[in-house]
Amino acid sequence: MEIVSSTVPTIKKNVKSLIEIRKSTKFHPSIWGDYFLKYNSDNSKITAAEQEELAKRKEMVRKLLAQTPNDSTHKMELIDAIQRLGVEYHFEKEIEESLQHIHDKYNLQNWKDTNDDLRIVALRFRLLRQQGYNISCNVFVKFAASEGNFVASLENHVEGLLNLYEAAHLGARGEEILDRAIEFCSSRLHASLINKMADVSLSKRVNEALSMPIRKTLPRLGARKFISLYQETESHNEILLNFAKFDFNLVQRMHQGELGDATRWWKKLDVVNEMLYARDRIVECFFWAVGLYFEPCYATARRIFVKCISMASIIDDTYEYATLDELQILTDAIQRWDANATLEDSPPYIQMCYRSVIETYAEIEEEMKKTGESYRVQHAIQDMKKLVMAYFEEAKWLFNDYIPTVEEYMKVSIVSCGYMMASTTSLVGMGDQVSKQDFNWVINEPLVVLASSTICRLMDDLVGEEYEQKTSLLDCYMEQYGMSKEESCAELRRQVKNAWKDMNRECLEPKPASMAVLMRIFNLGRVIDLLYANDDGYANPIKSKESVKMVFVDPVEI
């Protein structure tokens, strides 16, 4: 989606002065300060003894997997627990083979499942769809009455309802039975909480699911929460639980070291003192990166991604602070991408913004040259240029108090949300998990990227009024169609639901890219769903504090 700089749009109202546009509300300062400076990559290394202990425990779980028959319900429950506990990355091959076996068996039967246990049917459906198998949603028809609604006899089957609710969140457009399932299960599960079910562990799982279904949960944060829930479940496996706890703490220590290094890099930029208007959010940026990929093998990808989205954050704040003339200079300079340009006639903060961006990407490019993958950085730079152009278009709307049409707005602002840039950038440091073909695919704005960007854009618009001066899609709908704010909000939420369905569809066979690539983009949607659920958790770091603590500060008790 190319954005060509247009002339200043027709002025709708009185042109705003610079004083009016400057933010009257300061962003909340960082709540973490120097906390993570005590960590670094050296003092967070895993010892040889810990590696040996991890390998021993891992082998015990591997044997557990191998000894559990593929045809059994216990195998599906074991795979589900492994995935939700955050240790799936240790057993990808074994899990894929087991799910392939389960898929092939039921495919031969044309999915005429004779099992009448809703819990088992829903669990199988979810596990296979999560793996990319395009299982028909018609497996749930037998649980519905003739008019299409689910049978009343299911109302007291809480485990079945919970599993159906989780499975239904993997639906694509047109799968109405899954839409009805979410509605049916939501109301019945809420009722079960009100009636205070006897099983306290089940009650906690229901409450967590209604708050954040598995499909929208960040893997690392979800694992931290599920460890506690799983421990309280009577049927939990002690070997698996202990392995998950041990692994979580080792990986957390690795993340702490990376976050310490990232904090030192950020401190060296001195953004806090030199660009007082910009958000100080290196910890939240790192949380974003871990939301995309927490696994140890993606340390390089995390480091690169954190630096790039930190730059995007600085630029975003600059385009809401500087004058239009200053932004014209900055926009033109970034489009030229001249490492020798100094912008010496511009204010210090414009110079610093430009210099920080150019130098950061130059450092990344030097690193990628060592592996012969510097071409990837060029793709990331092109998407950053596109992002900056979108910021500039929005700045012109703001300075001229112009409300664009819905179509004008989405063309620009689906880019300015940053998720097209983030999608491309997320692949840069992933090593041999991605190819040149993957970059050619992602830069052409495939459906999954557009859907993830739509979720980001619309959820930002739903909560951003307190922190942003610029026009939102709500304003466009109210202006163009005469809709009330409530009607506009409802329309945006409807579009967000459809975007999730589009992402689900793109993750099913035939997939346009590997699951390793697709899940990076899918996880971007998960991050925004968590941070922007009811408030802007990036602008307001207090909202995301507990999630950050769970992932980076508090180890699991063993």
Practice prompt. Place a +1 charge on the Cβ of each Lys and Arg in the chain and a -1 charge on the Cβ of each Asp and Glu, then give the dipole magnitude about the Cα centre in debye, rounded to the nearest 20.
Written response: 740
Worksheet item: So, how do all the Cα-to-Cα distances of the chain break down into 20 Å bins, in percent, from 0 on up?
Response: 20, 53, 25, 2
Item to complete: Calculate how steeply helix 238-269 sits against the longest principal axis of the alpha-carbon atoms of the chain, using the helix alpha-carbon long axis, and give the answer as 0 to 90 degrees to the nearest 10.
Response: 0
Fill in: Three principal axis lengths of the range 270-553 [C-alpha, angstrom, descending]
56, 54, 38
Worksheet item: Hey, with R₀ at 41 Å, roughly what FRET efficiency would residue 107 and residue 370 work out to, going by the Cβ-Cβ distance, to 0.05?
Response: 0.35
Discussion item. Quick check: the angle from helix 299-319's long axis to the longest principal axis of the chain, C-alpha only, nearest 10 degrees?
Written reply: 40
Discussion item. Let me check against my output: what whole-number percent is the relative contact order of the range 69-243, with C-alpha pairs under 8 Å and at least 6 apart?
Written reply: 22
Worksheet item: According to the square roots a ≥ b ≥ c of the eigenvalues of the Cα gyration tensor, what is the shape class of the range 245-368, taking rounded for a/c under 1.5, prolate for a/b larger than b/c otherwise, and oblate for the remainder?
Response: prolate
Discussion item. Modelling each spin label as a point 7 Å along the Cα-to-Cβ direction, I'd like the residue 197/residue 355 distance in nm, to one decimal.
Written reply: 6.0
Fill in: Kirkwood hydrodynamic radius of the range 325-406, from inverse mean 1/r over distinct Cα pairs, in Å
14.1
Worksheet item: How would you classify the range 428-512 from its alpha-carbon gyration tensor, with a ≥ b ≥ c the square roots of the eigenvalues: rounded for a/c under 1.5, else prolate if a/b is greater than b/c, otherwise oblate?
Response: prolate
Worksheet item: Using alpha-carbon pairs under 8 Å, 6+ residues apart, how would you state the relative contact order of the chain in percent?
Response: 22
Discussion item. Strictly over 26 Å apart at the Cα level, which of 307/386; 56/216; 38/545 would you flag in this model?
Written reply: 56/216
Worksheet item: Listed highest first by mean packing, meaning other Cβ atoms within 10 Å per residue, what order do 482-491, 123-132 come in?
Response: 123-132, 482-491
Worksheet entry | Segments 411-417, 364-370, 164-170 sorted - mean Cβ within 10 Å per residue, highest first | 164-170, 411-417, 364-370
Worksheet, complete the sentence: Proxy exposure order for 507, 308 (fewest C-beta within 10 Å first) is 507, 308
Worksheet item: If you check each cysteine of the chain for another cysteine whose beta-carbon is under 4.7 Å away, which ones come up empty?
Response: 137, 185, 285, 297, 308, 353, 476, 489, 507
Worksheet item: Taking only DSSP H segments of four or more residues, each worth -39500 (n - 2.57), what value at 222 nm results for the chain once the sum is divided by all its residues, to the nearest 500 deg cm²/dmol?
Response: -20000 deg cm²/dmol
Practice prompt. Assign unit charges at the C-beta atoms only (+1 for Lys and Arg, -1 for Asp and Glu), then state the dipole size of the range 270-553 relative to its Cα centre in Debye, rounded to the nearest 20.
Written response: 1180
Response to the item:
The helix 200-211 Cα axis meets the longest alpha-carbon principal axis of the chain at an angle in degrees, between 0 and 90 and rounded to 10, of 40
Worksheet item: Taking 0.36 nm per residue of separation and subtracting the Cα-Cα distance, what length does fully extending residue 273 through residue 43 add?
Response: 79.9 nm
Discussion item. If you build the convex hull over the alpha carbons only and average its shadow over all orientations, what do you get for the range 69-243? Give it in nm² to one decimal.
Written reply: 10.2
Item to complete: Figure the gain on full extension for residue 239 and residue 176 (residue separation times 0.36 nm, minus the Cα-Cα span) and round it to one decimal in nm.
Response: 18.7 nm
Worksheet, complete the sentence: Neighbour-count ranking for 371, 300, 424 (other C-beta within 10 angstrom, fewest to most) reads 371, 300, 424
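Here, each number is a calculation from the coordinates, and none is a lab measurement. Treat the numbers as computed from the prediction; the structure is a model and nothing was measured. As a convention, Cβ positions derive from the backbone with ideal geometry for all residues, glycine included, and neighbour counts pool all protein chains shown.
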